[in-house]
1. Gain in length, GLN200 to ASP94, computed as 0.36 nm per residue apart minus the alpha-carbon separation, to one decimal in nm?
2. I need the peptides 70-77, 152-159 ranked by packing, meaning the mean over residues of other C-beta atoms within 10 angstrom, with the highest value on top.
3. Taking a probe of 1.4 Å, how large is the accessible area per residue of the stretch 129-205, in Å²?
4. Which one of THR25, GLY42, LEU115 has its Cα pushed farthest toward the positive end of the charge dipole of the stretch 1-121, where Lys and Arg give +1 and Asp and Glu give -1 at the Cβ?
5. Compute the length gained on full extension between SER176 and THR25: take 0.36 nm times their separation in residues and subtract their Cα-Cα distance, giving the result in nm to one decimal.
6. How long is the gain from GLU80 to THR135 if the chain were fully straight, where each residue apart is worth 0.36 nm and the alpha carbon distance is subtracted?
7. Going down the list LYS65/LYS111; LYS195/LYS257; LYS53/LYS83; LYS46/LYS111, which pairs span over 25 Å between their C-alpha atoms?
8. In percent, how large is the relative contact order of the stretch 17-173, given Cα pairs closer than 8 Å and 6 or more residues apart?
Amino acid sequence: MPARTIGTATISFGLVSVPVQVFATGESQTAISFNMLHKKCGTRLKQQYICPKDEVVVERDDMAKGYEFAKNQYVVFSPEEIKALDQKATNTIDISEFVPLSAVDRIYLEKAYYLGPDKGGHRAYKLLAEALKETGRAALGQYASRGRQYLVLVRPRDGVLVMEQLHYADELRPTSEVPLGEEGEVRPAELTLAKQLIEQGKVDEFKPESFHDTVRERVQEAIDKKVEGQEITTEPEAKPVTKVIDLMEALKASVAKGKAQPAEEEAPAPKKKKAAGR
């Protein structure tokens, strides 16, 4: 099934304009959620906004938006004022500079979109994709949409341009805020075993199809059984694994386990003995 466009835009760099269509890079599976019901009759409950001061239910027409600038103190904005503050959607991806793709840390990535050539933009699209590929650079710019201005990175992938929506610098917390503690020096012997463990589990290709959301599958299976009127049985809880406190012993055990698994897989099945003739 071909991808469906979710919008259009124009990439602008220098005096060159490239009309493009925007596509989603994937389709996240719908999250399984449960609704709140009245236990007595099974009716779905409705949410209401209640004013704790007047002790009344407030209808939508009587609501206003406000910003809390201090504890329990708000400034109120009208719909017209909020609309005036929204960033006007220009549908233009304004490229300001070209950076080495390796210079942009993956932690900045928020989400990604595919860009495809729109009417009249095929030559310019292919030109930009090829130029980025040969120079090893990515286009960095900004894109206004849905009341916000986004920081974006445009890069080539298999002949297709990918637009990555990035976090702004002030949206990320520095690694210095993560408490690491003062203890825990790395011992050479432990490092050697850890590297052996990595060698045992290394692969040359990333194969995402090898992984599945088993939690979602289990929940969906339980829901299907409920719908079909089947009784749901709970699996016995697995016994807690005894934790190895000593790091060195844990590494040795992990390496030994890794070595044993290939041997078990390669070992031929035992031959069945023929029954003795009578």
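1. 33.6 nm
2. Put in order of decreasing packing, that is 152-159, 70-77.
3. Values: 5590 Å² over 77 residues.
Heavy-atom accessible area per residue stands at 73 Å².
4. It is GLY42.
5. Additional length available on full extension: 51.1 nm.
6. Gain on extension, GLU80 to THR135, equals 15.2 nm.
7. LYS65/LYS111; LYS53/LYS83; LYS46/LYS111
8. Numbers: 221 pairs, mean separation 40.6, N = 157.
Dividing the mean separation by the residue count of the stretch 17-173 yields 26 percent.
The values are calculated or read from the model by the stated rules, or taken from the named source; none is laboratory data. Just so it is clear, the model here is predicted, and its values are computed rather than measured. Ideal geometry is used to build each Cβ from the backbone, glycine not excepted, and the neighbour counts take in all protein chains shown. Side chains are part of the model used for accessible areas, which takes the heavy atoms of the whole protein and leaves out ligands, DNA and RNA. Shrake-Rupley method; radii C 1.70, N 1.55, O 1.52, S 1.80 Å.
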